[in-house]
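**Student:** Before I ask anything, let me first share the structure, which is written out below as structure tokens.
The values are calculated or read from the model by the stated rules, or taken from the named source; none is laboratory data. Note that this is a predicted model, so its numbers are computed, not measured. For neighbour counting, all protein chains shown are included, and Cβ atoms are generated from backbone atoms with ideal geometry for every residue, glycine included. Only protein heavy atoms, including side chains, enter the accessible area calculation; ligands, DNA and RNA are left aside. Shrake-Rupley method; radii C 1.70, N 1.55, O 1.52, S 1.80 Å.
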Amino acid sequence: MLLLRCPLPLLLLLLPLGSRPQKLPTRDEELFQMQIRDKAFFHDSSVIPDGAEISSYLFRDTPKRYFFVVEEDNTPLAVTVTPCDAPLEWKLSVQELPEEASGEGSGDPEPLEQQKQQITNEEGTELFSYKGNDVEYFVSSSSPSGLYQLDLLSTEKDTHFKVYATTTPESDQPYPELPYDPRIDVTSLGRTTVTLAWKPSPTASLLRQPIQYCIVINKEHNFKSLCAVEAKLSSDDAFMTAPKPGLDFSPFDFAHFGFPADNNSGKERGFLKSSKFGRQTSPKPRVDLHRVCIGNKNIFTVSDLKPDTQYYFDMFAVNTNTNMSTAYVGTFARTKEEAKQKTVELKDGKVTDVFIKRKGAKFLRFAPVSSHQKVTFSVHSCLDAVQIQVRRDGKLLLSQSVEGVRQFQLRGKAKAKYLIRLKGSKKGASMLKILATSRPNKQAFPSLPEDTRIKAFDKLRTCSSVTVAWLGTQERNKFCIYKREVDDNYNEEQKKREQNQCLGPDARKKSEKVLCKYFHSQNIQKAVTTETIRGLQPGKSYLLDVYVIGHGGHSVKYQSKLVKTRKFC
């Protein structure tokens with residue numbers, strides 16, 4: 001292990017002790033001589049206070065040394081070092097204090113320079129060393145008195161770390177204790193959800209200390225400490241920005257590290273909806289790492305995950321009194337695959353009815369038997385618009401939104417197979433009819449004009465009749481008009497719910513039929529027809545529908561029209 005040597009400005013505080021010893025207020029005066037007088041005392045210093053976690057920063061290949069004094073032999077001692085975002089090399093060693101600096105001698109203290117020289121020239125006794133990125137501990141029930149040195153080095157990159165030292169480890173217990181089985185169990189696995197369960201921390205169940213559990217989810221790897229999570233999220237999210245060389249963080253600026261002592265009960269179920277703990281800043285967007293604190297529950301369902309994706313889950317027990325945390329043994333799981341869609345085979349020249357759930361999708365397959373130069377797809381969307389994609393042997397040929405009736409003609413290829421993906425509307429369920437054919441003259445649905453509205457002439461309205469008009473096409477088709485009396489409070493919303501264009505005249509009552517006629521015009525500008533509906537009641541409302549029926553017998557409905565006869569004539 002590399003022995004780090006550096007000047008010891010701390011001895012200005014530690015060693016001028018003789019007959020006029022410097023007396024500092026202590027939390028435990030019998031064990032620690034140097035303690036906290038105010039926050040500024042330990043800021044930008046190399047002193048480790050007793051019973052307080054400090055957070056600091058290492059520049060790559062730049063060692064850092066910390067000190068603390070144990071005055072009496074057989075003193076319990078615990079030191080915890082937490083690497084955040086890079087492995088650390090660290091070593092704990094002890095040197096004997098000069099007898100003159102014990103605080104029990106008499107006479108004038110030694111000159112400062114002589115004390116510093118005496119300490120730095122002595123080789124300390126190494127007690128413990130470690131290299132890695134685990135949270136590691138040194139614990140001793142009986143430590144000798146002396147000047148303790150903690151040397152730290154990061155050889156990979158600049159990094160954050162945390163250090164905690166105490167001479168009363170039995171009573172302090174700032175870190176939550178892990179249960180006898182610290183593993184996270186995956187109790188349920190779905191396509192977009194994973195349910196996790198874990199045993200509660202004895203710190204909460206036995207000692208009744210305030211503990212909350214925080215879950216971290218990502219797609220890369222497990223984390224060994226919460227400060228490693230913070231460093232991954234953003235250097236400015238939960239940490240202060242890197243200090244200037246030669247400066248440390250104040251160990252008492254706890255607002256910059258860990259969690260606030262709030263009682264978030266974790267009402268949000270989905271981790272994407274969670275609120276971040278720590279400083280309320282504007283985080284940098286990261287989509288691959290999420291965290292949520294759920295209070296003291298020991299079961300949680302993570303939602304909004306992607307199917308067939310591996311996720312890593314980490315659990316941290318956080319003492320909300322001390323803002324210090326302990327990591328459970330992380331786990332990982334792969335969500336289930338999307339249920340394989342049943343592919344519907346389309347037969348050449350035959351209309352197929354398709355129903356799609358809200359936001360759902362359906363897959364169809366078309367494999368022409370014979371060689372073909374062109375292939376035609378005719379789609380009739382009964383309700384809202386649907387999305388259609390057509391791939392030939394894996395290559396995308398078509399991606400369109402379809403409303404009403406559309407026809408697509410694609411270039412054919414010998415022995416080609418076509419995969420059709422239909423995606424439904426976000427508003428509600430979708431229904432449609434589709435026909436695929438390699439025969440160019442096969443047309444299932446009648447052609448429609450661009451405008452499928454029915455126009456009513458107000459000036460021609462009487463107490464017993466209304467006159468309407470609609471557009472046709474150059475193709476000769478059969479048109480049938482139907483009427484239905486409705487209440488006066490019938491509105492557009494009700495009309496919209498009845499706008500299923502795939503329901504043909506066969507679904508109507510015979511008494512609602514007005515007439516049927518054939519109509520077309522070679523001049524598209526003159527392809528307009530009018531009709532007067534008679535035998536109506538004065539002051540009544542009627543819903544009018546026009547159906548155009550193609551040669552194959554399939555019909556398409558124009559947009560419904562609400563009309564009202566005059567009450568007085």
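**Student:** Using a 1.4 angstrom probe, figure out how much accessible area the range 344-437 has per residue, in square angstrom, rounded to the nearest whole.
**Tutor:** Counting only protein heavy atoms, the per-residue value for the range 344-437 is 54 Å².
**Student:** In debye to the nearest 20, how big a dipole does the range 454-564 give about its Cα centre with +1 on each Lys and Arg Cβ and -1 on each Asp and Glu Cβ?
**Tutor:** 280 debye
**Student:** Using the Karplus equation 6.51 cos²θ - 1.76 cosθ + 1.60 (θ = phi - 60°), what ³J(HN,Hα) coupling, rounded to whole Hz, does each residue of the range 506-522 give in order, writing x for Gly and Pro?
**Tutor:** 5, 8, 9, 6, 4, 5, 8, 6, 9, 5, 10, 7, 9, 7, 6, 8, 5
**Student:** Right, another one. For Ala385 and Arg411 in one chain, what is 0.36 nm times their gap in residues minus the Cα-Cα distance, to one decimal in nm?
**Tutor:** 6.9 nm
**Student:** What size of dipole, in debye to the nearest 20, comes out for the range 344-437 about its Cα centre when the only charges are +1 on Lys and Arg C-beta atoms and -1 on Asp and Glu C-beta atoms?
**Tutor:** Details: 21 positive and 6 negative charges, 68 e Å.
Value, rounded to 20: 320 debye.
**Student:** Still on this structure, I have one more. Can you send over the carbon and sulfur percentage of the accessible area for the range 454-564, probe radius 1.4 Å, protein chains only?
**Tutor:** C and S fraction of accessible area: 46 percent.
**Student:** While we're looking at this one, here's another question. Could you provide, to the nearest whole Å², the per residue accessible area of the range 454-564 with probe 1.4 Å?
**Tutor:** Here the residues of the range 454-564 average 56 Å² of exposed surface.
**Student:** Please list, by residue number, everything in the range 183-222 whose backbone N is under 15 Å from a paramagnetic label point 7 Å out along Cα→Cβ of Glu156.
**Tutor:** Label zone hits: 220-222.
**Student:** Also: When the Kirkwood hydrodynamic radius is evaluated over all pairs of different C-alpha atoms of the range 454-564, what value in angstrom, to one decimal, is obtained?
**Tutor:** Mean inverse Cα-Cα distance, inverted, gives 14.6 Å.
**Student:** Computed from the mean reciprocal separation of all distinct C-alpha pairs, what Kirkwood hydrodynamic radius does the range 444-493 have, in Å?
**Tutor:** Details: mean 1/r = 0.0728 Å⁻¹.
About 13.7 Å for the range 444-493.
**Student:** If you average the sequence gap of Cα pairs under 8 Å that are 6 or more apart and divide by the length of the range 454-564, what percent do you get for the contact order?
**Tutor:** Here the relative contact order equals 42 percent.
**Student:** Just the number, please: carbon plus sulfur as a percent of the accessible area of the range 299-375, 1.4 Å probe, no ligands or DNA/RNA counted.
**Tutor:** Answer for the range 299-375: carbon and sulfur cover 50 percent of the accessible area.
**Student:** Just need the relative contact order of the range 382-524 here, percent rounded to a whole number, with Cα pairs under 8 Å and 6+ apart.
**Tutor:** Once normalised by length, the contact order is 23 percent.
**Student:** For Cα pairs less than 8 Å apart in space and 6+ apart in sequence, what is the mean separation divided by the residue count of the range 364-431, i.e. the relative contact order in percent?
**Tutor:** 46 percent
**Student:** Hey, another quick one. Which distance in Å, rounded to a whole number, links the C-alpha centroids of the range 187-231 and the range 129-168?
**Tutor:** Computed from Cα coordinates, the inter-centre distance equals 25 Å.
**Student:** Going by average Cβ density within 10 Å per residue, which order do the peptides 530-538, 546-554 take, highest to lowest?
**Tutor:** Descending mean neighbour count gives 546-554, 530-538.
**Student:** Over the alpha-carbon set of the range 334-432, divide Rg by the Kirkwood Rh and report the Rg/Rh ratio to two decimals.
**Tutor:** Values: Rg = 13.9 Å, Rh = 14.2 Å.
Over the Cα atoms of the range 334-432, Rg/Rh equals 0.98.
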